[in-house]
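No value in this document is a laboratory result; all are computed from the given coordinates. Quick caveat, the model's predicted, so the values are computed rather than measured. Note that each Cβ is placed from the backbone with ideal geometry, even for glycine, and that neighbours are counted across all protein chains shown.
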Amino acid sequence: MAFQRILVPVDYSEDSRAALVVAVDLARSLGATLDVVHVWDRPSYVSDAVLVGHGTEQRPLGELIRENAEREMQEFLAAMHLPSDVVSTTRLVSGSPAAALLDELGRGKHDLVVMGTHGRTGFAHLLLGSVAEKLVRHSPVPVLTVPRKLAGRLAAQAG
């Protein structure tokens, strides 16, 4: 199987940085492209009717959350110093992270997922679940997880 388009979900953590370093190396060696995606989710109790601001400068809270996600993506990528010889796209997707990523994968545009893991265990894992675990279980394409133990070392190499 030839990997041509790699999905790299990021949450701006050190784990995501490490996964992106691995994905860049893979893309270089395989001649693949990267699709760096961040899933942002507006809290379920917040509707577009919830406005923030003063007087006439009120805006929907969901709009502000998306703007913050865009700014964080730009800052994350700037800090990563992605090499110019690796073709990449960046996108924001709205929704529950695991469901939104599985939906992306269901479109058949990606051949591989490279993602970091937070390594939650025990009660926290039971309550919160794991996006990586859900993707490993339900993805129609292979998922390469970069364990937390490597995150610090690989992120340091990235710059």
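Things worth noting here:
- Leu144 paired with Val87, simple spin-label distance in nm, labels 7 Å along Cα-to-beta-carbon: 1.9
- With each label modelled as a point 7 angstrom along the Cα→C-beta vector, the Asp41-Gln58 pair spans 2.8 nm.
- In order along region 92-104, the phi-based Karplus estimate (6.51 cos²θ - 1.76 cosθ + 1.60, θ = phi - 60°) of 3J(HN,Hα) comes to 10, 10, 9, x, 6, x, 4, 5, 5, 5, 5, 5, 4 Hz; Gly and Pro are listed as x.
- For region 5-38 versus region 84-112, the gap between their alpha-carbon centres in whole angstrom: 11
- Placed amide H near Val87: partners under 5 Å, 5+ positions off or other chain: Leu34
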